[in-house]
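Since the structure comes first, as structure tokens, the remarks are kept for the end.
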Amino acid sequence: AAGVIQSPRHLIKEKRETATLKCYPIPRHDTVYWYQQGPGQDPQFLISFYEKMQSDKGSIPDRFSAQQFSDYHSELNMSSLELGDSALYFCASSLGRGNQETQYFGPGTRLLVL
Amino acid sequence: AQSVTQPDIHITVSEGASLELRCNYSYGATPYLFWYVQSPGQGLQLLLKYFSGDTLVQGIKGFEAEFKRSQSSFNLRKPSVHWSDAAEYFCAVGILSNFGNEKLTFGTGTRLTIIP
């Protein structure tokens, strides 16, 4: 079965650079979530989209922005990167929204900021 | 505020032995509970979930979990572990936002080590 696709899988950037992470949800899934997992930490919710509209926002820095496109894929844009942004970034997708909808996670993008 | 507690940071179990990973939650409404497993450098794989109904939930890879409302717990169990079960296990609660969308709040995880 098709899964959530994230690209790139690994990314190395310098401080103050920008990065764009991409997420392709499972076909027919209309809801996308972004999570950040720091080294040795649990995943923290950043932001979510439903039908191309932002539906919830967590602890996402103002330097980050995201959007969902008409084909439901999503991009997380990160500017003025800091060392502390080094983490594993997960995208998850679900069909519809609400507590009955299971989130399926992608393999993650590992970002290293030097 | 909602939270998830996994009291055990690291557990070591012999192969073939039984396993129980603890999870306690704090949430004002009916919780929607999940267990995910993460192998090193990998993504999160859903093991099982509880939405409603039967409080004993069966998952993949021989795992099960029991929801106990009176104890605010959702412990994960497996009768006989295999070396391939070594991984990080996350308990999570689904929080329904004002926008009607759900976000997951995770516990800090339990690292499971299997010894021969």
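The values are calculated or read from the model by the stated rules, or taken from the named source; none is laboratory data. As the structure is a prediction and not an experimental result, all values here were calculated from the model. Methodologically, a virtual Cβ is constructed for each residue, glycine included, from the backbone with ideal geometry; neighbour enumeration extends over all protein chains shown. Calculation scope for accessible area: heavy atoms of the full protein, side chains included, ligands and nucleic acids excluded. Shrake-Rupley method; radii C 1.70, N 1.55, O 1.52, S 1.80 Å.
Things worth noting here:
- Restricting the range A:10-47 to residues that are of a type in the set (D, E, K, R) and within 19 Å of A:GLN68 (Cα to Cα), the residue that is farthest from the chain's Cα centre (by Cα): A:ARG28
- Filtered residues of the range B:93-114 (kept if open to solvent by 50 Å² or more (accessible area, probe 1.4 Å) and either modelled with pLDDT under 95 or at the interface with chain A (Cβ under 8 Å from one of its Cβ atoms) (or both)): B:LEU96, B:ASN98, B:PHE99, B:THR108
- Taken together, the criteria exclude B:PHE90 from residues that are within 27 Å of A:LEU46 (Cβ to Cβ), more than 11 Å from chain A (Cβ to nearest Cβ) and open to solvent by less than 10 Å² (accessible area, probe 1.4 Å).
- Filter result for A:GLN37 (in contact (Cβ under 8 Å) with a residue 40 or more places away in the chain, more than 12 Å from A:ALA92 (Cα to Cα) and surrounded by 15 or more Cβ atoms within 10 Å (Cβ to Cβ)): yes
- Pick from the range B:9-36, criterion surrounded by 15 or more Cβ atoms within 10 Å (Cβ to Cβ) and outside any strand (DSSP E or B), ranking: farthest from the other protein chains (Cβ to nearest Cβ): B:ARG22
- Residues of the range A:78-114 that are surrounded by fewer than 19 Cβ atoms within 10 Å (Cβ to Cβ) and under 16 Å from A:LYS52 (Cβ atoms): A:LEU95, A:GLY96.
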